[in-house]
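Here's the structure we're looking at; comments come further down.
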Amino acid sequence: MVINMEIREKVDVCIVGAGHAGCEAALACARLGLETVIFTVSVDSIALMPCNPNVGGSSKGHLVRELDALGGEMGKNIDKTFIQSKMLNVSKGPAVHSLRAQADKAEYSRSMRKVLENQDHLTIKQAEVCELLWEEIEDSEKKATKKIKGLKTFTGAIYECKAVVLCTGTYLKARCLCGEAITYTGPNGLQAANHLTDSLLSMGIEIQRFKTGTPARMDRRSIDFSKMEEQFGDERVIPFSFSTNPEDVQIDQVSCYLTYTNEKTHEIIRNNLDRSPIYAGIIEGTGPRYCPSIEDKVVKFADKERHQVFIEPEGLHTNEMYVGGMSSSLPEDVQLAMYRTVPGLENCKIVRNAYAIEYDCINPKQLYPTLGFKDIEGLYSGGQFNGSSGYEEAAAQGLIAGINAAQFIFGKEELVLDRSEAYIGVLIDDLVTKDNFEPYRMMTSRAEYRLLLRQDNADLRLREKGYQVGLISKEQYDDVIRKKSLIEKEVKRLKNTKIGAAKSNQEFLESHNSSTLKTGTCLAELLCRPELSYDILKELDPEREVLPDDVIEQVEIEIKYEGYIERQLRQVEQFKKMEKKKIPVDLNYDDVPSLRLEARQKLKSFHPVSVGQASRISGVSPADISVLLVYLEQYKRNVENKE
Ligand SMILES: Cc1cc2nc3c(=O)[nH]c(=O)nc-3n(C[C@H](O)[C@H](O)[C@H](O)COP(=O)(O)OP(=O)(O)OC[C@H]3O[C@@H](n4cnc5c(N)ncnc54)[C@H](O)[C@@H]3O)c2cc1C
């Protein structure tokens, strides 16, 4: 029931949601000078972390670094509020090195709220958005049939605007399940948003139902840590943000703890599966395969004797501990019994029960790679609402959606990052091109060019794009140009610095268990040897200038992985050729002869923007792509002949 009260505001852009996606979208629009309003059902839940108390991790750390390079906020915010930090996968190659930091959740939210509250051109509004306002349009360049005009809140206030970014997360028609107990709330008992879905459906937007789950929170005083393996942070912390001074993040860190489930845990779960809303079929939504509940793990990996459980502090000023690896929707009594079988949790006290949450979100194939709706001009979306899962995935999409809502208003070209430029490009392309039947979680294995898309070179890859859209300052841009030229100069110098087979050099090599030289070589050649590093080679290179650590890191990677990098660059060239082959928005696939039926149907429903994107749609074969390429050549000639 909506009360009609004539409050009418005129602004440039409205952001629905102040979660990880909404915050980035709103800051991007306001920082580009647009009058922006951000809506949330509760201002006390800005940038809330309803699940794991950490930012980053495998591939997610890459997203945060890329977002930071483009001018986003999450990297800076976690550098200010982390309580433990670790670089993961350091025993493997640089492509999978990933930063992960434990956050003080309350501080993270408070700090992000402060940034929003002090941002010019940005207004925070606690209100439930119930309806989008729009008009029919014809002859849209993009073949859209509708145009956004504004939105309406539960109290009847109207906000006229030129663009709307939807970042509603896990709140739309949310319901939380803990065994037989069901509450119609958002996460942490916050108010759900129950009205907007109907408005979206009336605009012809396709909605689907997803679910995710979270583990219980325990009182740390009831945990026996002596039965667990203590997990420490890195001695030298590396910041997420390229703007953070590394000296500012060398803090006293807290510990996490590792323990395991066992056969007793698994037996309790197996014996009570009939009371699990997932296995009793009460839950309708589809859950994330790569963040499975403990019930799913016990059923799907029945051969595993134990599963890892990470006990993580939720913050410095709370006793709440997060039980990572044991999310569940089993009833409270079963939860208590199962948790108390875990070594160290025998006397645990549950502060918050584990639960599953179901919510409405969209099928993202309705979006362009700009995250704009194909059929509705001025409407963009980001985050869990687009069918992804995770703070980092949400923030990355929120930034792109915010930038493109601004570009749309400015009438400028919208930003699309492709799969060879960024994990963000892989994330968005997978969402809008592939069939996603469950919440999408980023992984390094999804990025075919991951040796080029490392978290350590995100600034070299993306600062320029951030500068072009106006979120990166000239000074920051000049810094990265300077860095690039230092790297280039040093790589060249190492390749041109000859090292002879002199006795002292031979002894040096032997002292580092490195094979001696038969003939002269160069420093770069020596640096390719796994047992030798840039630092070790300083003895043979007294003339070298002192270079910043981040430049040395790039020089070492470029030289040690040169062959692999060149091979991947050649693959990217092929990839870009297909991406550049644009498909006209008004192309009628019924006119393309000898296209297989399945491919014709898929292409008509997806409307890919390029042949490259078409080739990634499941059900479209290489043969179909060849047919399409031939037709597009003909189509182009016909258009040219008409002109
Ligand atoms: C119980 C639970 C378990 C999770 N488990 C995992 C996990 O295991 N792994 C993982 O990667 N991620 C998990 N997540 C997901 C993670 O929390 C989200 O990915 C992330 O928070 C999404 O960010 P977002 O910005 O898209 O949305 P959210 O953080 O959900 O924020 C949505 C925002 O929209 C606002 N809002 C919504 N509708 C309206 C409206 N109509 N009007 C006004 N404001 C509105 C809300 O107030 C809120 O500010 C879990 C989330 C929950 C709730």
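The values are calculated or read from the model by the stated rules, or taken from the named source; none is laboratory data. This structure is a prediction, so every number in the text was calculated from the model and none was measured. Glycine gets a Cβ as well: all are built from the backbone with ideal geometry, and neighbour counts include every protein chain shown. Surface accessibility is based on the protein's heavy atoms, side chains included, excluding ligands, DNA and RNA. Shrake-Rupley method; radii C 1.70, N 1.55, O 1.52, S 1.80 Å.
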Which is farthest toward the positive dipole end of the chain among P94, L595, L201, measuring Cα position about the Cα centre, with Cβ charges +1 (Lys, Arg) and -1 (Asp, Glu)? L595
Normalised Cα Rg of segment 1-87, dividing by 2.2 N^0.38 Å with N its residue count, works out at 1.33
Counting helices only, and only those DSSP H runs with n ≥ 4, report the 222 nm mean residue ellipticity of the chain as the sum of -39,500 (n - 2.57) divided by its residues, in deg cm²/dmol to the nearest 500. -10500 deg cm²/dmol
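Using square roots of five times the C-alpha gyration tensor eigenvalues, list the equivalent-ellipsoid semi-axes of segment 62-185 in whole Å, biggest first.
Numbers: eigenvalues 245, 102, 68 Å².
Gyration-tensor ellipsoid for segment 62-185: 35, 23, 18 Å.
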Say the dipole of the chain comes from +1 at the beta carbon of Lys and Arg and -1 at that of Asp and Glu; which of Y279, Q468, Y564 then lies farthest toward its positive end? Y564
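Treating only the Cβ atoms of Lys and Arg (+1) and Asp and Glu (-1) as charged, compute the dipole magnitude of the chain about its Cα centre; round to the nearest 20 debye. Working shown, then result.
Working: 84 positive and 97 negative charges, 210 e Å.
Its charge dipole is roughly 1000 debye.
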Enumerate the residues in segment 571-609 having an amide nitrogen under 16 Å from the point lying 7 Å beyond the Cα of T145 toward its Cβ. 586, 604-607
Taking only the alpha-carbon positions of segment 171-273 and ignoring solvent, what does the Debye formula give for the base-10 log of I(q)/I(0) at q = 0.10, 0.19 Å⁻¹? -0.64, -1.04
1/(1 + (r/R0)^6) with r = Cβ-Cβ of D478 and K434, R0 = 45 Å, i.e. FRET efficiency to nearest 0.05, evaluates to 0.70
Regarding the chain, what is the average projected area of its C-alpha convex hull, in nm²? 33.4 nm²
With segment 387-468 reduced to its Cα atoms and the Debye formula applied, log10 I(q)/I(0) at q = 0.16, 0.24, 0.27 1/Å amounts to -0.64, -1.30, -1.45
For Cα pairs less than 8 Å apart in space and 6+ apart in sequence, what is the mean separation divided by the residue count of the chain, i.e. the relative contact order in percent? 16 percent
Per residue solvent-accessible surface (Å²) - the chain, probe of 1.4 Å: 43 Å²
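Indicate the helices, whole DSSP H runs only, in the chain that combine a mean Kyte-Doolittle hydropathy of -1.0 or more with a Cα extent along their long axis of 24 angstrom or more. Could you put the intermediate results ahead of the total?
On the way: long enough: 391-410 (28 Å, 0.71); 474-496 (33 Å, -1.48); 562-580 (26 Å, -1.56); 622-642 (30 Å, -0.38).
Helices meeting the span and hydropathy rule in the chain are 391-410, 622-642.
Can you give me the % of accessible surface on the chain that is carbon or sulfur? Probe 1.4 Å, all protein chains present, nothing else counted.
Values: 14150 of 27850 Å².
On the chain, the fraction of accessible area on carbon and sulfur atoms equals 51 percent.
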Spatial separation of Cα centroids for segment 385-453 and segment 103-166, in angstrom: 20 Å
Expressed to two decimals, segment 494-626 has a Cα Rg over Rh, using the Kirkwood radius, of 1.34
For segment 314-412, what does the equivalent ellipsoid look like in terms of its semi-axes, each the square root of 5 times an eigenvalue of the Cα gyration tensor, given largest first in whole Å? 41, 16, 9
Only bridges with both residues in the chain count here: give the DSSP antiparallel percent, nearest 5. 70 percent
Taking the Cα centroid of segment 223-268 and of segment 85-101, what is the distance between the two, rounded to the nearest whole Å? 14 Å
So, for the Cα atoms of segment 112-251, Rg and Dmax in Å stand at 22.2, 69
Find the Rg to Rh ratio for segment 229-313, where Rh is the Kirkwood radius over alpha-carbon pairs and Rg uses the same atoms. 1.16
